[in-house]
Amino acid sequence: MKHAADQHPNGPRRITRYRLRNSISALLHGSLPSRHSARSEARAEERMEAIRDVMLAATLAAREDYPHVVRRITHATDIQTLWYLRGDAMLALAAIHGEKAARHRMAEISGMFHGLLPRGLTARKTSLGH
């Protein structure tokens, strides 16, 4: 199975630009990553790409009616952006599959973000049970 970035004509360059920008920023701020943090950053990036792939696969049926959602997911540069795009993905999924199925799928996707976001961004249980 091809990686989502490989399917998009600018995909591999997008990832390279992201890494280059982060490396230059680290040099300018004097905070070059240690081997341990580089490995953990690589794992976080792999998880982010896995989340992107799942979100793109989930919105596959909605691509024709919601191309902007697919485009935003494809071009998201960080995990927080993907997190905030869940609402757009939910809207597209609900239009195609119904709200109940969309909520279920988005709950699965939201669980994939565990450990990647600051505490303030994670989903919280509500008194409504959602």
Enumerated helices (runs of 4 or more DSSP H) restricted to segment 56-112, each holding at least 2 residues that are under 30 Å from GLU41 (Cβ atoms) and hydroxyl-bearing (Ser, Thr, Tyr): 79-84
Those residues that are at pLDDT below 95 and either under 25 Å from PRO118 (Cα atoms) or surrounded by fewer than 19 Cβ atoms within 10 Å (Cβ to Cβ) (or both), I need them from segment 54-64; list them, please. LEU60, ALA61, ARG63, GLU64
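The values are calculated or read from the model by the stated rules, or taken from the named source; none is laboratory data. Just so you know, these numbers come straight off a predicted model, no measurement behind them. Note: ideal-geometry Cβ built from the backbone for every residue, glycine included; neighbour counts use all protein chains shown.
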